[in-house]
Amino acid sequence: MNDMQLNRKKRTNPMNIESSPLTLVEVPQDEEHSNSLREPLQIIRRRIWVITLIAVLFVGAAVGFSLLQTPVYEAKIKILVGLQRDDSGVPLNFGSDITGLQQLTVTMAEAVDTLPVAEAVTHELNLQKSPEDLLNDLSAQQVPPNTQFIEVSYKDTNPRQAQRIVNRIGQEFSEQVSDVSPRANAVTATVWEPAIMPQAPVSPKPLINTLVALAVGGLLGLGLAFLLEHLDDRWRSPQEAEQIFGVPALGVIPSFKTFKVKGRL
């Protein structure tokens, strides 16, 4: 009897139970890499409403801004810079003359959008704007580089007015160049391609504005989603708890609902 009691104590004594050593399981690198890629995708999926909301707000603002803007039209002309020879019989050095005219075209392009030309055009067309305002909507440049062509463009909310003004600018500039050039070997500026009335506005551009707003809104929404995720300290899975504390999770308490019993038994 005493032997049976001793044996029972030996069996039930928790101090006699041998504890098994813990074994660490090495996680493969491929699995760690897939987990690191899966986490940002999960954040985007949880916060997709934030990204969508910000993108929709930016797109709506861009569309509204485009609709509120007044359409602006642009008319263009091309002026050819040349050289008028006299009848003195001096031989023509074609290579040097062409190179010199190409270099001169750069200077003449700067002379198109100047105050003397703007003042004359404003006075002749009886425009209801100052010469300074006209110059703000006028531009001239050599096109393409190393040619004798000058492209002059003018922007206005009225397409017919834009065509009318830029054509007159080309004529006035040609006349002023003839007045200041000497009679012998005179430099000429001829309107080679008159302006036609523009059919489509150059601004606003609703499609481009919408695409830019969508890209910017999407990036800002993505950044806000990751910021909200960083500020949120809730744990959504046992893996998050293991990453924070560095120990394996022993169990999970499931969520459950409680019901209130009405009345008394």
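Readers should treat all values here as calculations from the given coordinates under stated rules, not as data from a laboratory. Quick caveat: nothing in here was measured; it's all calculated off a predicted structure. Positions of Cβ are backbone-derived with ideal geometry, glycine not excepted, and every protein chain shown enters the neighbour counts.
Roughly what would the spin-label model give for Asp179 and Ser203, points 7 Å off Cα along C-beta, in nm?
3.2 nm
Can you pull the one-decimal nm distance between simple spin-label points at Leu250 and Arg46, each 7 Å off the Cα toward Cβ?
Here the modelled spin labels are 2.6 nm apart.
Rank the residues Trp192, Trp49 as a footprinting-exposure proxy: fewest other Cβ atoms within 10 Å of their Cβ go first.
In order of increasing Cβ crowding within 10 Å: Trp49, Trp192.
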